[in-house]
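Coordinate-derived values only; no laboratory data. For clarity, every value in this text was computed on a predicted model and none was experimentally measured. Because the Cβ atoms are built from the backbone with ideal geometry, glycine has one as well, and the counts that use them run over all protein chains shown.
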Amino acid sequence: MTSLPSPPRSKRSFSWQFVITLLMYSFMYIPILVLAFYSFNASRFSSTWGGFSLRWYSSLLNDSRILSALGDSLRVAICAVVISAVLGTMMAVGLAKYRFPGKGLYRGVSYLPLIIPDIAIAVATLVFLVSIGASLSLWTIIAAHIVFCLAYIAVVVSTRLTGLNPHLEEAALDLGATPFQAFLKVLLPELMPAIFSGCLLAFVLSMDDLLIASFTAGGGANTLPMEIFSRVRTGVKPDINALSVILILFSGFLAFLSEYIRFKSEQRRLRQ
Amino acid sequence: MSQTVIQNQDVAETGTKLDVELRKVFKVFNGETAVRGIDLEIHQGEFFSILGPSGCGKTTTLRMIAGFEEPTGGEVLIRGQSMANVPPYKRPVNTVFQSYALFGHMTVWDNVAFGLRLQKSSKSELQTRVGEALQLVKMENLARRYPAQLSGGQQQRVALARALVNRPTVVLLDEPLGALDLKLRKEMQMELSNLHRDLGVTFVMVTHDQEEALSLSDRIAVMNQGRIEQIGSPSQIYEYPQTPFVADFIGDTNLFQGQVEASYPSSLQVVTPNGLTIHVKLHDNGQLAPGDSVVVSIRPEKIHVSSGAAPEQMNYYDGTLKNVMYMGTHVHYVVELKSGDKVTVFQTNRAMALPSLNTPVQIYWSAADCIALSV
């Protein structure tokens, strides 16, 4: 009948670990919470609280510049992600499957955009585009975004590939599938969760990018981050707060979705 | 025992149709030779095992039959047809992989139907054949499950059904029971054996488990370092190993290095460097002359231990008991002979009191039970 004494530490409400954790999260998230708070402020000025209001959210919907910038951003992200999904998957599969001289170097070079600073990609792409005399447009942003989207998707897919049973494709061939059928009916479905979660990740990064887009955008092309940046230079207006909250929630949702899909497929693999 | 030998030889000699033939097959990977010129003839309807330690080239050999690897030299034939440049999807063989390699995104049913769908079988044929295959492996109730929801043994059954449903000429099994625990292994061994008998399809199995190979196969090829050491029925391999490697690898054995001192028409006298004299009855390897180096192999279960008077035997030695291991059905003894050699002896457990360590004992065996192998 004697119950075990509970560990003494759990009785103490504040340990130093708890304090540090609290400080860390406050440091990370208080700015965002403050921003979210003021997005509901009826007053034009953040110094005063004018009561709860959704006016900044509704004014966003009537702001044609914001909406067209959103359209540009979506166009860039979707095009870049779709093209990268195809190329990135092929790259990952090719790297996993074939042996060829210089494979290690090729692999390193393919994943380099993950660690090269954005500013370097931005400047290099601009210099290159100017030197070949390409006129800047929405398409040049897409091309520049493919550079890093491709690397992200390839990384996620190749991680999944290394965890995959190496004999799956052979089993398909053995049962009478041609190499193309084996890829289409066995390998691709097995990789789908990874491709999808890689795409979501790349999509968020593309939607988020200011630096590369502003270097490579041509006349008329204006993505959402570019629009926001040009507006906050003349002072933060409450509608930008509202937009930021929407963007944070949207990115958070996509990141969660991507992680959830990855987790689910990982779980399925582990149980196997 | 001798009857089994005769029966198996009959199967081997009357079944003249060959399903798989390997002629002087070599395989080199990046300068390393995995398979060094092997010849194999696998008869129709046979349960053939390729047995050997890991890295001996047995899996590579199977993969060359399946078509996943092309031989560097030599030829693979299936039903008399050369398989050179025939891709795996055009060969009349199906493989059961060690890791099962089930398609995780498909149900059990779809996994089994995969091959038939590729052949564009009619809907009704698909239904009946997949149903039959699942029934064969007793998985018809779990057809709607996904592989991740099955146990290892159940996955194994699905992998078998997926291979058998296509009615291949040859079923290739790559360590099919390697991932199962002991009890399940025994159960699946029995089922594999039944399936083979009922279907009459040629099975070629790769395994490192000698017990599995002995109990399931009609014939066994023992491989070592890319070569075939011996091909024969389980009892031939066990009773009459042709090389020291086979004697040592299959089952437990005591090996004595020595030299032939005298040879008679039907027996040999071998002397070891430690001064032990062993009499060996000759079977068919009569090419040994005095002075030849040999290895004498005697199975532990063929040796008798006694602590009193022993019957007249040619191979009779005094020693001391150095180790006793109680194994349940058996008792294992290690006896150190006067010469210093240590001999392992297995005795069936007859509910006798176990002798204590360091007691003097006598061991003896019949000259017909040991075998001399030239080295």
Dipole of region B:232-375, positive end: most advanced residue of B:Thr253, B:Ala368, B:Tyr326 [Cβ charges, Cα centre]: B:Tyr326
Separation in nanometres of the label points that stand 7 Å from Cα toward Cβ, at A:Ser131 and B:Met314: 9.0
Which of B:Ser99, B:Pro241, B:Leu150, positive extreme of dipole for chain B (C-beta unit charges): B:Leu150
Descending Cα extents along the principal axes, the protein assembly as shown, whole Å: 115, 73, 52
Relative contact order of region A:63-271, pairs being alpha-carbon contacts under 8 Å that are 6 or more residues apart, as %: 33
Which of A:Leu257, A:Leu247, A:Gly220, positive extreme of dipole for region A:63-271 (C-beta unit charges): A:Leu257
Sorted by Cβ density within 10 Å, fewest first, the residues A:Trp139, A:Trp49, A:Trp56, A:Trp16: A:Trp16, A:Trp49, A:Trp139, A:Trp56
Rounded to the nearest 20 debye, dipole of region A:1-158 from Cβ charges on Lys, Arg, Asp, Glu: 540
Length gained when the stretch A:Ser68-A:Thr162 is fully extended (0.36 nm per residue, less Cα-Cα span): 29.7 nm
Virtual spin-label span in nm between A:Ala36 and A:Tyr106, 7 Å along Cα→Cβ: 4.7
Estimated inter-spin distance, B:Lys186 and A:Ile78, nm [label 7 Å along Cα→Cβ]: 6.4
Amide H within-cut-off set for B:Leu282, under 5 Å, with H built and near neighbours excluded: B:Ser267, B:Leu268
Calculated diffusion of chain B, Stokes-Einstein form, Kirkwood radius summed over Cα pairs, 37 °C and 0.692 mPa s, µm²/s: 142
Radius of gyration and Dmax over the Cα atoms of region A:36-184, both given in Å: 22.9, 73
Nearest-20 debye value, chain B charge dipole, Cβ charges on Lys, Arg, Asp, Glu: 1340
Summed side-chain charge close to A:Ile240 - residues other than A:Ile240 whose Cβ falls under 13 Å, Lys, Arg +1, Asp, Glu -1: +2
Residue order, fewest to most surrounding Cβ atoms within 10 angstrom, among B:Arg219, A:Arg107: A:Arg107, B:Arg219
Charged-residue dipole, Cβ positions (Lys, Arg, Asp, Glu), the protein assembly as shown about Cα centre, Debye nearest 20: 2820
For region A:63-271, convex hull volume per residue from C-alpha positions, Å³: 141
Surrounding net charge for B:Ile231, when Lys and Arg each add one and Asp and Glu each subtract one, Cβ distance under 10 Å: -2
Counted charge near A:Val155, where neighbours are those whose Cβ lies closer than 14 Å (Asp, Glu -1; Lys, Arg +1): +3
Order of B:Thr272, A:Thr125 under a 10 Å beta carbon neighbour criterion, fewest first: B:Thr272, A:Thr125
Cα principal axis extents for region B:173-256, largest first, Å: 41, 27, 23
Average Cα contact separation per residue, region B:266-375, under 8 Å, 6 or more apart, as relative contact order %: 37
